[in-house]
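The values are calculated or read from the model by the stated rules, or taken from the named source; none is laboratory data. Please read all numbers here as calculations on a predicted model, not as lab measurements. With ideal geometry, Cβ positions are generated from the backbone for all residues, glycine too; neighbour counts draw on all protein chains shown.
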Amino acid sequence: MNNSADLLKELRIDRNAPPPSSGRGPWIALGVGAAVLAAGIAGWALFARGDAIEVRTAQAVAIGGSGGGSASVLDATGYVVARRIATVSAKVTGRVREVLIEEGQRVEEGEVLATLDPVDAEAQQSLARAQLDAARSQTSSIQAQLTEAEANARRLNTLVGQQLVSKAQYDQAVAQRDALRAQLVTARRNAAVAADQLDIAEIGVDNTIVRAPFAGVVIAKAAQPGEIISPLSAGGGYTRTGIGTIVDMDSLEVEVDVNEAYIGRVQPKMPVEATLNAYPDWKIPAEVIAIIPAADRGKATVKVRIALNSKDARIVPDMGVRVSFLEKAEPARADAPPPGVLVPAAAVVERDGGQVAFVVDDGRASRRGVQVGRTLGDDLEVSEGLSGGDTVVLDPPAALTDGGKVEVADDGASNP
């Protein structure tokens with residue numbers, strides 16, 4: 001019994017004894033310190049990042065110069081078009097016998113482009129010629145009869161005066177002479193009609209030859225030998241309506257659609273600078289021909305015709321083109337102000353009672369006072385405070401200050 005009691009006493013927990021040492025205390029303290037250090041670094045990074053304001057930017061574009069050049073008052077896009085363009089066809093329906101053109105070939109006015117099978121037209125011509133010959137033969141026969149009748153009437157007239165023949169015989173001869181005269185008039189008219197029919201038949205033969213209506217360049221070949229062509233497309237989808245399409249390259253011009261809100265800036269004879277999309281570095285001088293007096297209700301635009309002052313083989317129909325309507329600058333003066341720049345209207349804001357813009361340089365914003373001129377579409381003309389090529393902040397935040405750090409957003413690429 002005593003042994004059992006002693007064993008139970010040994011199983012009691014001594015609550016005053018110190019806790020046993022496990023050896024993990026230093027490692028726990030080291031981990032806590034590392035976590036605090038990492039949190040500090042992250043906080044510093046977040047603080048440093050938050051110090052820079054994210055902005056969108058655009059580039060200031062120089063306009064005009066100090067030497068009396070021209071400034072753009074409006075830009076528009078359009079296409080090169082030809083005033084003279086024709087799909088050439090025969091005047092009659094027929095089978096193509098020969099095609100003498102190819103795409104890109106230059107043709108002169110009146111040059112033969114193709115021929116049709118002339119069998120029917122030549123048959124009509126032969127018939128008309130035969131009818132003319134018959135009419136002329138009949139005319140000659142009646143003429144001979146009339147000559148005899150006139151001589152007989154003159155002879156009987158003498159004999160009647162001598163009372164050698166009766167008056168009735170003389171009257172009969174005169175009537176026969178007058179009838180032959182009427183028949184001769186009819187025969188001559190029939191011969192004239194036959195001659196006209198022959199002329200028409202010859203025109204029909206000539207209509208089987210397709211000629212160029214004007215000088216130009218072939219841009220499409222639409223028919224091949226053996227096909228049926230008709231100006232009226234009488235055969236439906238199996239009948240061609242033309243031989244080819246010709247463009248007069250000297251009639252090329254530009255047509256652009258100008259927003260009706262800005263059409264007041266465009267005037268006839270206004271100088272224009274055209275740039276083809278295919279040749280962006282080639283500036284073509286041009287001028288306004290006319291403003292079409294009609295607006296497109298759906299697009300709210302007005303069409304403007306522009307003449308190209310330069311003729312070049314590189315300019316072809318339906319090319320895309322961008323035009324700048326220019327305003328002649330005043331003659332250069334010794335005290336002329338420096339050239340201005342164009343910036344988006346969103347780059348200029350009111351600060352402290354004046355108009356300012358912020359220019360980004362090496363990650364910081366520099367505040368500049370500006371002098372604003374004309375409003376050109378969505379842009380402003382700035383005559384003082386900015387230079388061409390400056391990167392300006394769009395919609396500057398109220399928190400942005402002079403010298404403040406900025407971070408350019410990815411979608412803030414400038415639009416030169």
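The number of residues in the stretch 346-376 that are outside any strand (DSSP E or B) and surrounded by 16 or more Cβ atoms within 10 Å (Cβ to Cβ) comes to 4.
The residues of the stretch 268-298 that are part of a loop (DSSP other than H, G, I, E, B) and surrounded by 11 or more Cβ atoms within 10 Å (Cβ to Cβ), listed by number, are 268, 270, 277, 278, 279, 282. Does at least one position in the stretch 127-136 carry a residue that is modelled with pLDDT of 90 or more, over 29 Å from the mean Cα position of the chain (by Cα) and in the same structural domain as residue 219 (by TED's automatic domain parsing)? The answer is no, given that none of the residues of the stretch 127-136 is modelled with pLDDT of 90 or more, over 29 Å from the mean Cα position of the chain (by Cα) and in the same structural domain as residue 219 (by TED's automatic domain parsing). For residue 196, state whether it is assigned by TED's automatic domain parsing to the domain that holds residue 131 and under 60 Å from the mean Cα position of the chain (by Cα). Considered against the rule, which asks whether it is assigned by TED's automatic domain parsing to the domain that holds residue 131 and under 60 Å from the mean Cα position of the chain (by Cα), residue 196 comes out as yes. Would you call residue 256 within 30 Å of residue 297 (Cα to Cα) and assigned to a strand (DSSP E or B)? Answer is yes for this residue. Is one or more of the residues making up the stretch 197-211 free of Cβ contacts under 8 Å to residues at least 12 places away in the same chain, over 30 Å from residue 244 (Cβ atoms) and among the aliphatic types (A, V, I, L, M)? The answer is no; no qualifying residue exists. Taking first residues from the stretch 158-174 that are more than 23 Å from residue 146 (Cβ to Cβ) and partners that are surrounded by 12 or more Cβ atoms within 10 Å (Cβ to Cβ) and among the β-branched types (Val, Ile, Thr), the Cβ contacts under 8 Å between residues at least 6 apart in sequence or on separate chains come to 166/160.
When residue 224 is tested against (1) out of contact with any Asp or Glu (no Cβ under 9 Å at 6 or more places or on another chain); (2) part of a helix (DSSP H, G or I); (3) closer than 30 Å to residue 84 by Cβ, only condition (2) is not met. Among the conditions (1) among the small types (Gly, Ala, Ser); (2) at pLDDT 90 or above; (3) part of a helix (DSSP H, G or I), the only one that residue 110 does not satisfy is (3).
Does residue 144 count as among the small types (Gly, Ala, Ser) and closer than 28 Å to residue 204 by Cα? So residue 144 does not fit the description; no. I'd like to know if the stretch 154-174 contains one or more residues that are assigned to a helix (DSSP H, G or I) and under 24 Å from residue 105 (Cβ atoms). Looking through the stretch 154-174, none of the residues is assigned to a helix (DSSP H, G or I) and under 24 Å from residue 105 (Cβ atoms).
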